[in-house]
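Note sheet for the following structure.
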Amino acid sequence: MMDESHVMGPIHTKMNSKPTSEFKCMNDDNNNTYLSFLLLLPPRIIIIMLKGFSRLPRLPVSAVHRICKMEMSEATQPSLPKFIPLEDPGTTSTTISNGFRFRVVSYNILAQVYVKSSLFPHSPSPCLRWKARSQAILTVLKSFEADFLCIQELDEYDSFYKGNMDSYGYSSLYIQRSGQKRDGCGIFYKRNSAELMLKEEIEYNDLVKSIEDRTDLCNHQSDVAVDTENQEAVEGLPQRNFSDDRGDPNDPRVRLKRDCVGLMAAFKLNDPSHHLVIVANTHIYWDPEWADVKLAQVKYLQYRLAQFKAVISNKFNCTPSVIVAGDFNSTPGDEVYQYLVSGNSSTMSVAENGEERAIPLCSLYASIGGEPPFTNCTPGFTGTLDYIFFSDSGYLKTLSFLELPGPESPDVVGGLPNYHHPSDHLPIGTDFEVIIR
């Protein structure tokens, strides 16, 4: 920002002297010169100048409007992240690249229903308004040129995003959160890149039914997954320092009803081999005090994914690749993350649902050098919560990754959202190439 002391010095000198010819002719040919000078100044300085120049004719309102509008439009242009190519890892003699590439991006765009100045006091007010935010988000989404966009905290789907993204060549799937929540998860896919074959929705509230169906629920005992090092067992949970309007949070049936959702869909890529890929998108519960609920949700996610993959494999006689993206509200050190990358945890599952085993997954950024220092940035918390996982089936090769700013980057200092980033989260992404064995 320009230091006002450097601007005000010469302005005050000019204000206390007799107006010169460059300022006296607002209606002659020097008008453009004067306007050009004013275009270099912030609107608040222009107002001070207009108040101070008693002998200066008023600047036309339309001109002030143009100046203010220009500054706002330039200031609110969001940062457009870049994809950084990886050094070619090479292709083994037993594999052949078919040259088909596709791009996957995951982004928690911050639902407008959660945007309140009281929650984001560090953010400039214009950055929080729907009209400005929606256009900034749309600009960022379009700039990715992604084949698959996995979006969390997606609200205004029918009224805004669906139609706008359709005009950019995207079809979409959407699931709204239960419990009268206004946001949800969406998958946007380019129609000329992939064909939808099958889809399923994930309602994590279904875990409540799995608890109710068990015969050993006396005394409200639970098989909810719990991190024994950091959380007490559900049956011995201490009273929390908050109330839950849905009932006793110590009751696992209440505890698991968090209204979180996910989507998974099988797509046939428009590549020569017509390779099938399963893309899943989810948003896991947020509260760090409820690590047991988060782990229960990702175990249910893995269970549903394994079932879905088996259906696709049998129906289409193939081995689909699996990509899982989302906001997992867990850091790399949490058990949720460890479970996803290892397929097991130190605790028991919510329920022994069938014989399907967890699908082994790799974290995109961890596989190419390490998780980013953060994907969520606010004054209260800065850390990595968003991930793209994929199955190491040998059919996909990572070609690039979406660059993220560092902690000292000027466009994140002070926290998000801001003029550069319309959400409190950062997008993550990659380019894959299909490999034929």
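We did not get these values from a lab; they are worked out from the coordinates using the rules stated. Since we're looking at a predicted model, the values are computed, not measured. In this analysis, Cβ positions are derived from the backbone assuming ideal geometry, glycine residues included, and neighbour counts consider all displayed protein chains.
Annotations
- Backbone N within region 100-126 under 13 Å of label point (7 Å from Asp259 Cα along the Cβ vector): 113-114
- Segment Thr382-Gln180, extension gain: residue separation times 0.36 nm, minus the distance between their alpha carbons: 69.8 nm
- Counting neighbouring Cβ atoms within 10 Å and putting the fewest first, the residues Val277, Val322 line up as Val322, Val277.
- Between Glu145 and Asp248, the modelled labels are 5.9 nm apart [label points 7 Å from Cα along Cα→Cβ].
- Additional length obtainable on full extension of the chain from His274 to Ser367, 0.36 nm per residue less Cα span: 30.9 nm
- Proxy reagent accessibility, fewest Cβ within 10 Å first, across Val324, Val311, Val105, Val434: Val311, Val434, Val105, Val324
- Arg103, Arg129 arranged by Cβ crowding within 10 Å, fewest neighbours leading: Arg129, Arg103
- At R0 = 45 Å, FRET efficiency that the Cβ-Cβ distance of Glu156 and Ile436 yields, to 0.05: 0.65
- Filter on Lys142/Lys397; Lys142/Lys315; Lys82/Lys181 - keep pairs with C-alpha separation over 28 Å: Lys142/Lys315; Lys82/Lys181
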